[in-house]
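These notes concern the structure reproduced below.
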Ligand SMILES: [Zn+2]
């Protein structure tokens, strides 16, 4: 059997020690490689991971074409930390509860089933998950930033139309709860970006020097995040977050 050639973009970096492969939601394959890696070595690494790559692409293909707005009905796809789940809904239960059960986000409604009731239950569940995940990831990111003289700030969730996160002059983070739907490495990028702003408030060269040190692969992570902005369904948000 002759396998189809896989198209991929190579990004070399002096900071990388090993070859890493990323498959993006638009099905593009990106190879992150050390400077000294030859094309043959990279091609071999891609071949070795071909099955994994095909699996990732099948996963992303399964939710094309992209949904416009969620309808909050059973079977619909929703996301948590970059994974897709199907909605499963049960009505007239003892209490309203939401949780992940295998491949499903299970919504138990106390009331009768309606898109509004599902939306309400999901929204408050996502907010709770966002609070928990972002608090944990902020601990991780703050540990990285401690050696650069940045202390862990407090944060608030805010459903900001066009932004993933921002920080106030007083050193307070505002984070978009929609972040809990993207992969955790993208969440870390947003947090590190904002933490770097606590040292350098603009996007000047010093800011980027610090970000480079905090997260050497931030450029490709930012790209992944931008692709997720296109994949995520527009729910309670009027527009999709873009800026990190
Ligand atoms: Zn910024």
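Looking across the range 107-151, the residues that are part of a loop (DSSP other than H, G, I, E, B) and either in contact with a strand residue (DSSP E or B) (Cβ under 8 Å, 6 or more places away or on another chain) or surrounded by fewer than 16 Cβ atoms within 10 Å (Cβ to Cβ) (or both) come down to 109, 110, 111, 112, 113, 114, 147, 148, 149, 151.
Any residue that is exposed (fewer than 13 other Cβ atoms within 10 Å of the Cβ), modelled with pLDDT of 90 or more and over 26 Å from residue 230 (Cα atoms) - is there at least one of those in the range 1-14? No, every residue in the range 1-14 fails to be exposed (fewer than 13 other Cβ atoms within 10 Å of the Cβ), modelled with pLDDT of 90 or more and over 26 Å from residue 230 (Cα atoms). Kindly indicate whether residue 103 is surrounded by fewer than 16 Cβ atoms within 10 Å (Cβ to Cβ) and at pLDDT below 95. Here the answer is yes, as residue 103 does meet what is asked.
Only a single criterion out of (1) loosely packed, with under 13 Cβ neighbours inside 10 Å; (2) within 17 Å of residue 133 (Cβ to Cβ) is not satisfied by residue 169, namely (2).
Cβ separations smaller than 7 Å between residues 6+ apart or across chains give the following pairs from the range 190-206 residues that are without any contact (Cβ under 8 Å) to a residue 40 or more places away in the chain and over 15 Å from residue 163 (Cα atoms) to residues that are within 11 Å of the ligand (Cβ to nearest atom) and assigned to a helix (DSSP H, G or I): 200/207. Restricting attention to the range 138-197, the residues being within 13 Å of the ligand (Cβ to nearest atom) and closer than 14 Å to residue 211 by Cβ number 11. Assess whether residue 199 counts as being within 30 Å of residue 70 (Cα to Cα), modelled with pLDDT under 95 and not assigned by TED's automatic domain parsing to the domain that holds residue 32. No; evaluated as a whole, the condition is false for this residue.
Of all residues in the range 181-189, one or more are at negative phi, in the same structural domain as residue 227 (by TED's automatic domain parsing) and in contact with a strand residue (DSSP E or B) (Cβ under 7 Å, 6 or more places away or on another chain). For the range 60-74, indicate whether the set of residues that are within 19 Å of the chain's Cα centre (by Cα) and in a helix (DSSP H, G or I) is non-empty. Checked the range 60-74: at least one residue is within 19 Å of the chain's Cα centre (by Cα) and in a helix (DSSP H, G or I).
The values are calculated or read from the model by the stated rules, or taken from the named source; none is laboratory data. Model, not experiment: these values are computed from the prediction. When we count neighbours, we look across all protein chains shown, and the Cβ atoms used for this are built from the backbone with ideal geometry, even at glycine.
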